[in-house]
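Notes to accompany the following structure.
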Amino acid sequence: FCKKMRKRNRKEKTIEQSPTIVYMFSASPHYFLTYIADLCGFSILSSFCCASKEMRDIVKSSNADVNLMTSRKQLSCFQLQSIATNLSYRIIGVNLSGIHVNSNFGMFGAYLQHLALKGSKPSDVEELPELLKRFGALQSINLSGSGVSSLIGSLFADKVRLRRICAVSCRSLLGDIVSLAPLKELESLDLRYCSSVGGDVGGLVQLSHKLKEIMLDNTIVTGSLDSFKDQARFVHLESLRLEHLTVHGRLSSLAHLSSLSHLHLSHSSITGALKDLSGLVSLKTLHLAGLTNILGSTKDIGDLILLQELWLDGCSQVNGELAALRKLTLLTDMRLHGTTVSGNIATLINHPSLMVVALSFSLAHQEDALKDLKSRLPNTNFSFI
């Protein structure tokens with residue numbers, strides 16, 4: 001394989017074979033690099049196939065902490081300046097999560113597309129807003145758990161190629177979500193637990209029409225779901241998470257979002273009826289816990305056959321009919337405590353994948369059926385609350 005690559009790699013090539021795998025070949029006849037990018041976690045593995053002693057010496061001289069993983073060598077911790085200088089390569093992805101970072105990572109320069117600084121300390125990222133100006137090609141960034149302190153607009157808004165922003169628990173990140181409007185390529189926005197990020201949820205209509213994921217749990221975003229009524233917007237939306245927010249509106253505003261796979265609205269101020277969601281046939285997770293003003297019955301969502309997680313706990317005006325869920329054979333997590341649950345728990349045998357079941361205490365008296373269920377579903381955790 002290496003011999004074939006030496007013949008082919010007379011010119012530098014970049015070949016993208018899938019959204020998650022990027023192959024990068026060097027012009028050098030002595031080696032090639034393979035980058036495997038996990039774009040969800042933004043983790044980068046570096047693999048070396050060394051055909052010469054020179055390349056092996058370069059790796060050693062770079063002060064790299066190299067961990068042999070079968071045929072791969074993963075750079076888990078490295079001295080940034082040495083790597084950037086010795087390899088002299090168009091590095092497109094760097095994972096610096098959990099290690100000390102200094103301004104040397106700016107040497108990766110204009111080719112960098114994917115950057116992870118997850119868990120970096122405040123002292124590590126204090127220069128980040130200025131350093132990011134060097135990365136005009138940046139497409140994804142993960143700052144989760146870092147101590148970055150900046151306005152989200154000044155940090156990201158000039159990165160017009162950004163497709164993914166993950167900044168979970170960046171509690172010193174400030175600003176209004178509408179300041180990200182210039183990012184017309186943005187597909188995923190994850191600002192969960194950024195407790196100083198706010199704005200009106202209606203401002204989401206000004207963001208990229210390519211958005212597939214909007215995750216704003218436990219921020220200070222407010223407003224109404226009415227902004228989602230525009231059927232020309234959010235047509236690609238697959239995940240909407242607005243939990244623990246003072247967001248109001250009706251479920252009917254989301255009825256046309258047929259691409260939704262994950263809808264999490266727990267502990268907000270949403271109202272409406274479960275039947276408004278009956279057409280969202282792509283749903284895999286539905287979390288509506290604590291929505292005391294939601295009306296309806298589990299019959300209304302009984303045809304959402306792809307559902308894997310159903311959280312209706314605390315929805316006191318919902319009738320939780322167990323028999324109505326018999327078609328949902330993929331369910332792994334069912335939480336109906338706090339609803340008006342009715343039916344024979346023996347019907348749960350139709351859900352062989354169940355791992356978690358939480359039901360109202362009123363059903364606990366079905367002791368024989370429960371004993372049989374536990375023997376037939378040994379991996380399921382049953383609780384009656």
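The values are calculated or read from the model by the stated rules, or taken from the named source; none is laboratory data. Here the structure is a predicted model, which means the values were calculated and not measured. As a convention, Cβ positions derive from the backbone with ideal geometry for all residues, glycine included, and neighbour counts pool all protein chains shown. Ligands, DNA and RNA are excluded from the accessible area calculation, which covers all protein heavy atoms including side chains. Shrake-Rupley method; radii C 1.70, N 1.55, O 1.52, S 1.80 Å.
The table that follows gives values for the structure above.
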| read-out | value |
| --- | --- |
| Residue count, region 130-165 (criterion: in a strand (DSSP E or B) and open to solvent by less than 20 Å² (accessible area, probe 1.4 Å)) | 5 |
| Region 356-368, residues that are open to solvent by less than 40 Å² (accessible area, probe 1.4 Å) and at pLDDT 90 or above | Val357, Ala358, Leu359 |
| Region 208-226: number of residues that are basic (Lys, Arg) and open to solvent by 70 Å² or more (accessible area, probe 1.4 Å) | 1 |
| Residue count for region 166-175, restricted to those that are closer than 21 Å to Leu204 by Cα, of a type in the set (Gly, Ala, Ser) and open to solvent by 10 Å² or more (accessible area, probe 1.4 Å) | 2 |
| Verdict on Ser353 being modelled with pLDDT of 90 or more, surrounded by fewer than 15 Cβ atoms within 10 Å (Cβ to Cβ) and not in a helix (DSSP H, G or I) | yes |
| Residue in region 370-377 that is of a type in the set (A, V, I, L, M), closer than 30 Å to Thr271 by Cβ and either modelled with pLDDT under 95 or open to solvent by less than 30 Å² (accessible area, probe 1.4 Å) (or both) present | no |
| Per-region count, region 333-350, residues surrounded by 17 or more Cβ atoms within 10 Å (Cβ to Cβ), of a type outside the set (A, V, I, L, M, F, W, C) and within 32 Å of the chain's Cα centre (by Cα) | 5 |
| Whichever residue in region 268-284 is under 20 Å from the mean Cα position of the chain (by Cα) and open to solvent by 10 Å² or more (accessible area, probe 1.4 Å) and, among such residues, is farthest from Ala323 (Cα to Cα) | Ser282 |
| Number of the exception - Thr380 against (1) free of Cβ contacts under 8 Å to residues at least 24 places away in the same chain; (2) open to solvent by less than 70 Å² (accessible area, probe 1.4 Å); (3) on the phi < 0 side of the Ramachandran plot | (1) |
| Filter pass, Ile165 being touching a Ser or Thr at 6+ places or on another chain (Cβ under 9 Å), farther than 23 Å from Glu130 by Cβ, aliphatic (A, V, I, L, M) and without any contact (Cβ under 8 Å) to a residue 60 or more places away in the chain | no |
